[in-house]
Amino acid sequence: MPTWDFPPVDTADDDGLVGVGADLEPETLLAAYRSGLFPMPLTVAPRRRLLGWWSPDPRAVLPLDGLVVSRSLRRSCRRFEVRVDTAFEAVIAACADPDRDGKWITSEVRQAYVRLHHQGWAHSVEAWDDEGRLAGGLYGVAIGGLFAGESMFHHQRDASKVALVGLVERMGTGGAGLLDVQWTTPHLASLGVLDVRRAEYLVLLAEALRRPLPPVFLPTDRPCA
C-alpha cells in the first residue's frame, strides 16, 4: 500500500502541478498513475530539484485508431524490427541521456522505473535495425488498459516513431484502451495526438483501468505493418 495521500487532481495549478514530495517507490508510482498523476522533477533553484506530481489540463492522449502513419513512416517501418521488453534498461538510459533537451530523467527516476520494469509494470518498445542495433524506442507504464508513455528516443531517423506504431498496433489488438502521452508537442500532434480536458481524461482513465492487462507487452520480434 502507498504511504502517501495525493491531493485531488483538480487542485493542480495552471501548469498542472498538483504537489511536490513523496517518493518513487513502486506503490507510490502506481497509485499516482491510477489517480491521473505522473511524476516529473521540478527545478526550484540551481542544483536543487523537487519531485513534482502533475495532472495537466488539457492532457495529451493518442487515440488508438487515430495514429497518423505517413507514407514515409510506413516505409521506415519496413526497415526496423519492433520488439518489446528486450532492452528496457538501454531504452531508459538513452531517454535519460544528459545531452538531450529537458534532462528530467534523473538517476533516481531511472532506477525507479527499472524497479517497476522488474515487477512487470514498466515496459519498453524498441526499434532494431537489420544489423542488430537499437535504433530507437520508448518506455512507459501499463496498468490494465492504460499505457502511460514516459519518454522516447531515436538514434536513427523515424526509429522512435516506428516504436510508437508498434505500440499502438499491440494495444489495439490486445484490448487496451488509453495511450497517455502527458503533454502535446508539435511532433506528437503530427502523429495524431489530441488534447482532452482533465475531466474527460479521468473518465477515459477509469474505463481503461477496469480492463484486464492485454497480452501486448510480451517479447516479440514482429515488424510493424
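The values are calculated or read from the model by the stated rules, or taken from the named source; none is laboratory data. Computed from a predicted structure; not experimentally measured. Here Cβ is always computed from backbone atoms with ideal geometry, including for glycine, and neighbour counts include all displayed protein chains.
Residues that are assigned to a strand (DSSP E or B) and either more than 17 Å from residue 140 (Cβ to Cβ) or outside the structural domain of residue 151 (by TED's automatic domain parsing) (or both) within the stretch 179-214 comprise 194, 195, 196, listed in sequence order.
Does residue 150 meet the test of being modelled with pLDDT of 95 or more and assigned by TED's automatic domain parsing to the domain that holds residue 87?
Here the answer is yes, as residue 150 does meet what is asked.
Of all residues in the stretch 198-209, none that is among the polar types (S, T, N, Q) has its Cβ atom under 9 Å from the Cβ atom of a residue that is at pLDDT 95 or above, 6 or more apart or on another chain. With respect to being assigned by TED's automatic domain parsing to the domain that holds residue 150, in a helix (DSSP H, G or I) and under 17 Å from residue 147 (Cβ atoms), residue 91 fits the description.
Would you mind finding the one in 140, 177, 132, 120 that is more than 22 Å from residue 18 (Cβ to Cβ) and either surrounded by 14 or more Cβ atoms within 10 Å (Cβ to Cβ) or touching a strand residue (DSSP E or B) at 6+ places or on another chain (Cβ under 6 Å) (or both)? Break it down stepwise before answering.
On the way: 140 fails: more than 22 Å from residue 18 (Cβ to Cβ); 132 fails: either surrounded by 14 or more Cβ atoms within 10 Å (Cβ to Cβ) or touching a strand residue (DSSP E or B) at 6+ places or on another chain (Cβ under 6 Å) (or both); 120 fails: either surrounded by 14 or more Cβ atoms within 10 Å (Cβ to Cβ) or touching a strand residue (DSSP E or B) at 6+ places or on another chain (Cβ under 6 Å) (or both).
Result of the check over 140, 177, 132, 120: 177.
Taking every residue in the stretch 22-43 that is on the phi > 0 side of the Ramachandran plot and pairing it with any residue that is among the aliphatic types (A, V, I, L, M) and part of a helix (DSSP H, G or I), at least 6 positions away or on another chain, the pairs with Cβ-Cβ distances below 7 Å are 36/9; 36/202; 36/205. Only residues that are over 16 Å from residue 8 (Cα atoms), outside any loop (DSSP other than H, G, I, E, B) and either under 18 Å from the mean Cα position of the chain (by Cα) or at pLDDT 95 or above (or both) were counted in the stretch 20-50, giving 4.
Checked against the criterion of being closer than 22 Å to residue 196 by Cα and either surrounded by 14 or more Cβ atoms within 10 Å (Cβ to Cβ) or small (Gly, Ala, Ser) (or both), the stretch 75-93 contains not a single residue that satisfies it.
Evaluating residue 162 against the criteria (1) surrounded by 24 or more Cβ atoms within 10 Å (Cβ to Cβ); (2) outside any helix (DSSP H, G or I) leaves one unmet condition, (2).
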